[in-house]
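What follows is one structure encoded as structure tokens, with my remarks underneath.
The values are calculated or read from the model by the stated rules, or taken from the named source; none is laboratory data. Keep in mind that what you see is a predicted model, and the values were worked out from it rather than measured. Please note: Cβ atoms are built from the backbone with ideal geometry, for glycine as well, and neighbour counts cover all protein chains shown.
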Amino acid sequence: MNPTVVPHVDLPVFGPIPRGTPRADTVRKLAEIARAIRARDAEMIAVAGQGHIGGDYSSLDILTTLYFAVLRLDPANPRDPERDRFVLSKGHAAGSLYTTLAAFGLLDPASLETFMRPLSKLNGHPDRNKVVGVEANTGPLGHGLPIAVGFALAAKLDGSHRRTFVLTGDGELEEGSNWEAMMTAAHHRLENLTIITDVNGLQQGKSTRETTALAPLADKGRAFGMDVVEVPGHDFDALLGAFEAPPSGRPKLVLARTVKGHPISFMSDVVAWHHKVPSPDQVRQIVMELSK
Ligand SMILES: Cc1ncc(C[n+]2csc(CCOP(=O)(O)OP(=O)(O)O)c2C)c(N)n1
Ligand SMILES: [Mg+2]
């Protein structure tokens with residue numbers, strides 16, 4: 001084994017979990033899929049020499065739950081106007097989106113080898129004009145949620161049942177545009193909109209508490225006119241419950257309590273892993289820990 005060579009990790013194409021699968025089986029399958037995606041993401045970032053693995057890993061159980069068990073989205077018909085929409089507002093976690101789209105069947109897994117190379121479609125921030133399945137260009141924090149509010153309002157005006165889900169970071173909520181968007185969503189009673197915030201407590205260089213404190217987030221969400229639920233963000237059963245709950249006439253804010261770098265021993269809750277790149281040996285360790 002050459003310690004300087006990044007080990008290759010296969011990523012199967014799983015496709016959506018069939019509707020009607022018993023909950024316990026769905027949860028088991030989601031865990032299997034998320035393990036495979038995390039392993040492939042680690043390899044991809046190590047080969048590219050850049051990426052945001054900490055924020056990818058805190059979001060990946062949320063993305064896996066949405067794509068494989070919640071979104072009405074057919075990998076064979078990704079442009080169906082009636083599909084549900086997902087917007088990755090924390091666009092720096094593009095690696096988590098590309099690996100998820102590949103496992104879902106919307107992106108050729110072989111293309112992951114080009115991540116962040118010159119002329120690749122898989123840029124450090126997602127681009128809807130380059131990658132089928134990316135619904136909005138994001139990266140500058142505070143833009144994805146306002147776009148998602150537009151998607152949800154359009155669906156309501158169309159009389160459509162399609163839903164919009166958007167994932168923000170917690171540090172991202174330090175951008176004021178998010179709060180304007182939330183007020184607008186509440187004003188238009190966009191119950192078809194689910195905002196998920198990845199509350200890992202860490203920003204780029206330090207904690208959110210030290211950067212611009214956000215607490216009490218749940219109270220603020222309610223004050224801005226949303227239904228707020230708080231869930232453990234690595235618990236598939238809890239995430240499924242939060243995403244399935246019946247509409248109430250208000251947009252929903254799901255505060256997902258996560259751990260940056262989860263579940264890897266040396267990355268969990270360590271702020272340096274916001275954009276640190278794993279060495280080949282660390283990729284081996286990640287794959288080993290994921291297989292336990
Ligand atoms: C408008 C804007 N300012 C700064 C950045 C640089 N930046 C990229 S990620 C990040 C931290 C984001 O923290 P958070 O939203 O909590 O993301 P997560 O912890 O989920 O990775 C910053 C400041 C940016 N992408 N956009
Ligand atoms: Mg964060």
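Here THR164 fits the description: at pLDDT 95 or above, more than 13 Å from ligand 1 (Cβ to nearest atom) and in contact with a strand residue (DSSP E or B) (Cβ under 9 Å, 6 or more places away or on another chain). Applying the condition of being free of Cβ contacts under 8 Å to residues at least 60 places away in the same chain and not charged (D, E, K, R) to region 167-177 and asking which residue is farthest from ligand 1 (Cβ to nearest atom) yields GLY176.
Working carefully through the options ALA24, ALA34, find the one that is assigned to a helix (DSSP H, G or I), away from ligand 2 (no atom under 16 Å from the Cβ) and more than 18 Å from the chain's Cα centre (by Cα).
Just a single option satisfies the conditions, and that option is ALA24.
No other residue among PRO232, PRO280 is over 28 Å from VAL70 (Cα atoms) and surrounded by fewer than 20 Cβ atoms within 10 Å (Cβ to Cβ) apart from PRO280. If you check THR212 against the conditions, is it buried (at least 20 other Cβ atoms within 10 Å of the Cβ), within 16 Å of ligand 2 (Cβ to nearest atom) and at pLDDT 95 or above? So THR212 does not fit the description; no. Taking the numbered list (1) under 17 Å from LEU107 (Cα atoms); (2) part of a helix (DSSP H, G or I); (3) more than 16 Å from ligand 1 (Cβ to nearest atom) in turn, ASP74 passes all entries but (2). Pull up region 99-125, narrow it to residues that are within 16 Å of ligand 1 (Cβ to nearest atom) and assigned to a helix (DSSP H, G or I), then point me to the one that is farthest from PHE14 (Cα to Cα). Ranking the qualifying residues of region 99-125, first place goes to THR99.
Residue pairs whose Cβ atoms lie under 8 Å apart, sitting 6 or more positions apart in sequence or on different chains, and linking a residue in region 1-29 that is closer than 20 Å to PHE236 by Cβ to a partner that is surrounded by fewer than 16 Cβ atoms within 10 Å (Cβ to Cβ), are PRO16/ASP74; ARG23/ASP237; VAL27/ASP237; LYS29/THR21. For region 179-292, the strands (runs of 3 or more DSSP E) that sit wholly inside it and include 3 or more residues that are within 16 Å of ligand 1 (Cβ to nearest atom) and under 18 Å from the mean Cα position of the chain (by Cα) are 193-199, 252-257.
Set side by side, the residues LYS220, LYS252 differ, and just one is crowded, with 18+ Cβ neighbours inside 10 Å, of a type in the set (Lys, Arg) and within 17 Å of THR168 (Cβ to Cβ), which is LYS252. Among the residues of region 183-203, those identified as in contact with a strand residue (DSSP E or B) (Cβ under 7 Å, 6 or more places away or on another chain), within 16 Å of ligand 2 (Cβ to nearest atom) and not hydroxyl-bearing (Ser, Thr, Tyr) are ILE195, ILE196, ASP198, VAL199, GLY201. Counting the residues of region 126-147 that are buried (at least 16 other Cβ atoms within 10 Å of the Cβ) and in a loop (DSSP other than H, G, I, E, B) gives 13.
Of the listed requirements (1) out of contact with any Phe, Trp or Tyr (no Cβ under 9 Å at 6 or more places or on another chain); (2) touching a residue at least 40 places away in the same chain (Cβ under 8 Å); (3) within 22 Å of HIS161 (Cα to Cα), THR65 misses just one: (1).
Among all residues of region 148-157, there is at least one that is of a type outside the set (Lys, Arg), crowded, with 20+ Cβ neighbours inside 10 Å and farther than 21 Å from GLY221 by Cβ. Condition test on LEU157, is it at pLDDT 95 or above, part of a helix (DSSP H, G or I) and within 16 Å of ligand 1 (Cβ to nearest atom)? When the stated conditions are applied, LEU157 does not pass them. All but one of (1) polar (S, T, N, Q); (2) surrounded by fewer than 19 Cβ atoms within 10 Å (Cβ to Cβ); (3) within 16 Å of ligand 1 (Cβ to nearest atom) hold for SER59, so report the exception by its number. It is condition (2) that SER59 fails.
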